[in-house]
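Student: Got a structure for you, written out below as structure tokens; questions coming shortly.
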Amino acid sequence: MEKKKLLLAEDDELLASLLNFRLEKGGYRVTLSNNGKEVKEELARELPDIIVSDIMMPYFSGIELIDFVRNELGSSIPIIIISSAGNEENVLSAFELGANDFISKPVSPSELMVRVARELNKT
């Protein structure tokens, strides 16, 4: 069975490394991007099965990413947003634009694994 492709957009290198390790160990093919510009470039190359993105990123925020994927790409790829900026306004904006899930930092890698699997099993 082919591994599911996951795009991880996180500008905190330590957290990105930790989540990447756990996701790859869990059987996902992970592409790491540490800013919004890299995310857009990756999406132009290949669409993943799921996106996990921080809200606060250089060049292109997670909110802008949701809008881009839903409206410009016209894609229903599951998107899980992670952020320490877990204020109600960001959460509501993310869901209004079409995010599938939201996790506040600090992120538990085990919880992320469960949420990623749940979103992929819906498709």
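Student: Which pairs have Cβ atoms under 8 Å, sit 6 or more apart or on different chains, and link a residue in the range 4-25 that is touching a residue at least 40 places away in the same chain (Cβ under 8 Å) to one that is among the basic types (Lys, Arg) and open to solvent by 70 Å² or more (accessible area, probe 1.4 Å)?
Tutor: What qualifies is Lys4/Arg29; Lys5/Arg29; Leu6/Arg29.
Student: Taking the conditions exactly as written (open to solvent by 70 Å² or more (accessible area, probe 1.4 Å), touching a residue at least 24 places away in the same chain (Cβ under 8 Å), out of contact with any Asp or Glu (no Cβ under 9 Å at 6 or more places or on another chain) and closer than 27 Å to Glu2 by Cβ), does Leu112 satisfy them or not?
Tutor: Spelling it out, it is not the case that Leu112 is open to solvent by 70 Å² or more (accessible area, probe 1.4 Å), touching a residue at least 24 places away in the same chain (Cβ under 8 Å), out of contact with any Asp or Glu (no Cβ under 9 Å at 6 or more places or on another chain) and closer than 27 Å to Glu2 by Cβ.
Student: Which of the following residues is open to solvent by 30 Å² or more (accessible area, probe 1.4 Å), of a type outside the set (D, E, K, R) and closer than 16 Å to Ile80 by Cα: Leu14, Leu18, Leu32?
Tutor: Matching residue, one of Leu14, Leu18, Leu32: Leu32.
The values are calculated or read from the model by the stated rules, or taken from the named source; none is laboratory data. For clarity, every value in this text was computed on a predicted model and none was experimentally measured. Here the Cβ is made from the backbone with ideal geometry for all residues, glycine too, and neighbour counts use every protein chain on show. Side chains are part of the model used for accessible areas, which takes the heavy atoms of the whole protein and leaves out ligands, DNA and RNA. Shrake-Rupley method; radii C 1.70, N 1.55, O 1.52, S 1.80 Å.
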